[in-house]
1. Restrict the check to segment 44-58 and report whether at least one residue is farther than 27 Å from S97 by Cβ and either in a strand (DSSP E or B) or out of contact with any Ser or Thr (no Cβ under 8 Å at 6 or more places or on another chain) (or both).
2. In segment 108-145, what residues are touching a strand residue (DSSP E or B) at 6+ places or on another chain (Cβ under 6 Å) and open to solvent by 70 Å² or more (accessible area, probe 1.4 Å)?
3. The conditions are (1) free of Cβ contacts under 8 Å to residues at least 24 places away in the same chain; (2) open to solvent by less than 60 Å² (accessible area, probe 1.4 Å); (3) part of a strand (DSSP E or B), and G79 fails exactly one of them. Which is it?
4. Just the residues that are touching a strand residue (DSSP E or B) at 6+ places or on another chain (Cβ under 8 Å) and not in a strand (DSSP E or B), please, taken from segment 87-100.
5. Any residue at all in segment 126-136 that is among the hydrophobic types (A, V, I, L, M, F, W, C) and in contact with a Gly (Cβ under 7 Å, 6 or more places away or on another chain)?
6. Only one of (1) surrounded by 11 or more Cβ atoms within 10 Å (Cβ to Cβ); (2) at pLDDT 90 or above; (3) closer than 29 Å to Q117 by Cβ fails for E4. Which number is that?
7. Which residues, taken from segment 24-43, are in a strand (DSSP E or B), open to solvent by 40 Å² or more (accessible area, probe 1.4 Å) and of a type in the set (A, V, I, L, M)?
8. Taking the condition in contact (Cβ under 8 Å) with a residue 12 or more places away in the chain and open to solvent by 70 Å² or more (accessible area, probe 1.4 Å), does F89 pass?
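The values are calculated or read from the model by the stated rules, or taken from the named source; none is laboratory data. Quick caveat, the model's predicted, so the values are computed rather than measured. As a convention, Cβ positions derive from the backbone with ideal geometry for all residues, glycine included, and neighbour counts pool all protein chains shown. Areas reflect the complete protein model, heavy atoms only, side chains present, ligands, DNA and RNA absent. Shrake-Rupley method; radii C 1.70, N 1.55, O 1.52, S 1.80 Å.
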Amino acid sequence: AQAEFMVKPVTGFELRFIAKYSNVQAMYNGRMEQVPYVPVWRGLFNAAYDWKKHGWKFDITVQINGASRLPQMTDPETGEALATASPVFPTLFAQVSKTIKRWEIYVGGENLTDFRQKNPVLGASDPYGTGFDASRVWGPIFGAMGYAGVRFKIQ
């Protein structure tokens, strides 16, 4: 299920709120369980402003990722039980662009909250060992990233 609310309080300014609920289940060992790595819920807030008169566009998005079920496993190095659910975590994206005639110059960033999953690869020090597992990735593994670019419109 997904619900979306969008409002334009003034010309060029748009606010968007989205909530998504996913009850994705499958049969595991004769029991219906939540599918691993699929968050039960997500939320998103976006604010965008298009200042057409001066050629500026501003966009910011905050996404809240709900917990997702993780398979029951033990750490191959310590033998300790690993978490059976991912934490709730936010991500932030932003972009500013300037249009000059047929050119658009932009700068932005992704994962500006710098949230990173700790130790996404089990047994990384021994990639050929029996404890190696790169399948437990449930969140960002790279930190904040910036970008910049130029676009040219061809009529």
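1. Residues of segment 44-58 that are farther than 27 Å from S97 by Cβ, as a first pass: none.
Looking for residues that are farther than 27 Å from S97 by Cβ and either in a strand (DSSP E or B) or out of contact with any Ser or Thr (no Cβ under 8 Å at 6 or more places or on another chain) (or both), one finds none in segment 44-58, hence no.
2. E110, L112, M145
3. Answer for G79: the failing condition is (3).
4. Of the residues in segment 87-100, the ones touching a strand residue (DSSP E or B) at 6+ places or on another chain (Cβ under 8 Å) are 88-99.
Selection gives V88 alone.
5. Residues of segment 126-136 that are among the hydrophobic types (A, V, I, L, M, F, W, C), as a first pass: 132, 134.
Next, from what is left, pick out any that are in contact with a Gly (Cβ under 7 Å, 6 or more places away or on another chain): 132.
The answer is yes; a qualifying residue exists.
6. The single condition E4 does not satisfy is (1).
7. Those that are in a strand (DSSP E or B), open to solvent by 40 Å² or more (accessible area, probe 1.4 Å) and of a type in the set (A, V, I, L, M): M27, M32.
8. Numbers: in contact (Cβ under 8 Å) with a residue 12 or more places away in the chain: yes; open to solvent by 70 Å² or more (accessible area, probe 1.4 Å): no.
Against the criterion (in contact (Cβ under 8 Å) with a residue 12 or more places away in the chain and open to solvent by 70 Å² or more (accessible area, probe 1.4 Å)), F89 does not qualify.
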